[in-house]
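Shown next, in structure tokens, is the structure this report addresses.
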Amino acid sequence: MAKMKKTKHNKKRNTAFLYEALIREMTKAVVSKDKDQKNKIVDILKESFSSNKPLGKELGLYQALLSSSELDPVTAEKLLYQIREAYSQLDSEEIYNAQSHVIKRINKEVGSDVYNNFVPNYKSIATVSQLFGVDSTAVGIKRGVLLEQNVLQTLTSKKIDEKPKELKPIDNIVFKTFSGKFNDVYADNLLSEQKDLLNRYILSFNSDTDIKIYLNEELGRLHTALKTALKTDEIQSDKNMVESTASVIEMIKEFKNQPVDKNLVEKVLKIQNLVHEISI
């Protein structure tokens, strides 16, 4: 395998940044109902970021570090060591060529504004990228140790408890038809879109690319449906319903910054049921 070369940090050569920036660009396309733009981005993601592709393999190592926290020091060091070992086995030439292909497609088909998208954890992504790129010179080793300390601090630190906004009216009002028949999330009477979501989630453990693509589209659909419902006389005539529906719409906007886990999936399942109920 070719050894990874040290390069000055360039976000266009940061696989995790390219992926996150494309996901956010796709979100904008879904919200604006630009199907052509959305389809172009989906095609790029599927072509280049699948788990069996060079960038998909590299992205998996980024995500393994970026999604970990609250580890004990020994476990954190083992994780970092194993990930760096795995990264050393990647082919730098394959990754560089794959990145060049993605950059070319973005510039030609999607637009260079993609690189201006705000990525919340960009600083962490940049740090991991720099760590992966350190060389074996004396300067590189010293720099690598400092970067390792930063990453280890992140891996062992406790997450800030960012509690989402309480949506008390939802359980009692907006989800009133849901509570009685959705006690078992995996019941036989799931809607087709709920079954689709669960199937994609179950299959996402090797790679979350497909589930993220699906969720961007599905959340766009749910957002549009609720915005439309909010304008109906039935909801406008009930102050509580207006507030609750508006709260769910805000919740959907916040989902894009949350990890795809069981809690998020269960929330989306509930909203899918809500949208189904208000549309019949």
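The numbers here are math on the coordinates, done by the rules we state, and not lab data. As the structure is a computational prediction, the values presented were derived from the model and not from experiment. Quick reminder, even Gly has a Cβ in these numbers, built from the backbone with ideal geometry, and neighbours come from all protein chains shown.
Tabulated data
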read-out	value
Sorted by Cβ density within 10 Å, fewest first, the residues 152, 66	152, 66
Residue pairs, from the table 195/253; 11/270; 78/212; 57/212; 11/33, whose Cα atoms sit over 26 Å apart	11/270; 78/212; 11/33
DSSP-assigned coil residues among chymotrypsin sites (Phe, Trp or Tyr not before Pro) in the range 195-279, each with at most 16 further Cβ atoms within 10 Å	205
Computed lengthening from residue 118 to residue 32, 0.36 nm per intervening residue step minus Cα-Cα distance	29.2 nm
In order through the range 72-86: 3J(HN,Hα) via Karplus (6.51 cos²θ - 1.76 cosθ + 1.60), integer Hz, x for Gly, Pro	6, x, 5, 5, 4, 5, 5, 4, 4, 4, 5, 5, 5, 4, 4
Extension reserve of the residue 243-residue 77 stretch, reckoned as 0.36 nm per residue once the Cα distance is removed	55.0 nm
Extension gain from residue 192 to residue 228, taking 0.36 nm per residue of separation minus the Cα-Cα distance	10.8 nm
Least to most buried among 232, 156 (fewest other Cβ within 10 Å first)	232, 156
The range 11-156: C-alpha gyration tensor shape, a/c 1.5 cut-off, then a/b vs b/c	prolate
Residues of the range 240-272 with amide N under 13 Å of a point placed 7 Å along Cα→Cβ from residue 67	258-265
